[in-house]
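Where a number appears in this text, it was derived from the coordinates with a stated rule and is not lab data. This structure is a prediction, so every number in the text was calculated from the model and none was measured. Note that each Cβ is placed from the backbone with ideal geometry, even for glycine, and that neighbours are counted across all protein chains shown.
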Amino acid sequence: MTANPDGTLQLTGSGLRIPANAGTSLVSGRLNVAGQTGGSIVVLGDRVAIGAASLNASGENGGGTIRVGGDYRGQGTLPRAMETWVDRTSTLQADALTRGNGGKIIAWAEQTANLDGVFTARGGSVSGNGGLIETSGRQILNLTSAPDASAVNGLGGTWLIDPRDLTITTQFGTIPLGANEIDVADINSRLNTGTSVSITTDLDGTDQGNITISSPISKTAGTEATLRLDAATSIFSNSTITSTNGQLNLILNADSDRNGSGQVLVLQPISTAGGDITFNGSSALEASAISVRQSINSQGGNITFTGTASNAEGFPGIEIGNAIVSQGGNINFTGISQGGRHCYDGSNKLWRGRNHLEWG
């Protein structure tokens, strides 16, 4: 360990610099609680740093639990770190090695999380499902990791991301992403392993709690997976969402804090290879709660839209401006508008498969 002139500490062989203040917990080297069933590792402090470290809670018959900086979504009674670092040379593992389910890994910070290491909570090689991995900074999240909660002989687990705002974008070359941006390649790679991806935003301070899709989400391999976006305010789908291999279940849930201010806006096509599609929105603004401007095709999955517009101008709960195609699945609309309008179609048609279409 080296003391830097700026008052920070730096681990040998690591680019990680952390403040040398009271309340800082620093872990390097090996912490191993592996066994028949993985054990528990908990690292807490006002500031928590994992550098050049291996944290192993794997087990032959089930993964254990690793909690760094707090518990799931910052809940529970564990103290919560203000800042959390995991450097690129560190690994956190809660795998089931032979049978059983992957474990749980939580990396949390109330303010800023800088997470660059390797996170795995995989199901057993013979049987078992993937586990849960959370990588969250309540205010600022700097993330370069693509956690793995896959399962070769079971259902994939879940990767949870929980910032205040989030933009799904593309990293170009070595140019780093900005705060609260995630590389779409990481999302695509996880969906391709069958790992579901769940993103949740909160409304806090000057941040709006929005989720913006700015680069194409594309599932091209693997088994069924789910992409779930829960935004405290709105979801803007400015790029395509597609699957060409394996069902992709898609949930876009705006206004997750239920304060009446959240729109789902779809500006590019969506197709899910048989996966179900669910949109929820609630808008008190001068806009529809759900507005679909491009085609949606579930290719056999069910499609459900629930939109509530409480604005005085009478905007519809659901606005459709292009084809909605299920190819055999059900299509269900529940639209509520204070002005009396429910759901209207633009210049194209509402299509269904061979089953039925319901209107609320």
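Evaluate the distance, in nm, between pseudo-label points positioned 7 Å from the Cα of Thr244 and of Thr24 along their respective Cα→Cβ axes.
4.8
Given charges of +1 on the Cβ of Lys and Arg and -1 on the Cβ of Asp and Glu, with all other atoms neutral, how large is the dipole of segment 23-154 about its Cα centre, in debye to the nearest 20?
Here the size comes out at about 140 debye.
Would you mind computing, in nm to one decimal, how far apart the modelled labels at Tyr72 and Asn332 are, each placed 7 Å from Cα along Cα→Cβ?
Label-label distance for Tyr72 and Asn332, simple model: 2.5 nm.
Which of Thr91, Gly123, Ile106 sits closest to the plus end of the dipole of segment 83-131, meaning its Cα is farthest towards the positive end, when Lys and Arg get +1 and Asp and Glu get -1 on the C-beta?
Going by the Cα projections, it comes out as Gly123.
Dipole size in debye (nearest 20) for segment 133-185 around its Cα centre, Lys and Arg Cβ +1, Asp and Glu Cβ -1?
60
Just rank Asp257, Asp165, Asp276, fewest to most, by other beta-carbon atoms within 10 angstrom.
By the 10 Å Cβ count, ascending, the order reads Asp257, Asp276, Asp165.
If neighbour count is taken as other Cβ atoms inside 10 Å, put Val43, Val264, Val68, Val126 in order from fewest to most.
The order, fewest Cβ neighbours first, is Val126, Val43, Val264, Val68.
For segment 289-297, just list the computed ³J(HN,Hα) in residue order, Karplus coefficients 6.51, -1.76 and 1.60, θ = phi - 60°, integers in Hz, with x standing in for Gly and Pro.
5, 10, 10, 10, 9, 10, 6, 10, 9
Give the separation of the Cα centroids, segment 265-291 to segment 222-237, in Å.
Answer, in whole Å: 11.
Which distance in Å, rounded to a whole number, links the C-alpha centroids of segment 119-168 and segment 23-69?
After rounding, the separation between the Cα centres reads 16 Å.
Using θ = phi - 60° and the Karplus relation 6.51 cos²θ - 1.76 cosθ + 1.60, list the HN-Hα couplings for segment 269-276 in order, rounded to whole Hz, with x at every Gly or Pro.
Once θ is set to phi - 60°, the couplings for segment 269-276 become x, 10, 9, 10, 6, x, x, 6 Hz.
Full-extension gain between Val118 and Glu60, please, as 0.36 nm times their residue separation minus the C-alpha to C-alpha distance.
So the chain would gain 18.9 nm between Val118 and Glu60.
Would you mind calculating the gained length between Ala185 and Thr98 on full extension (0.36 nm times residue separation, minus the Cα-Cα distance), in nm to one decimal? All intermediate terms of the calculation are to be shown ahead of the outcome.
Numbers: separation 87, 0.36 × 87 = 31.32 nm, distance 2.89 nm.
Going from the current span to full extension adds 28.4 nm.
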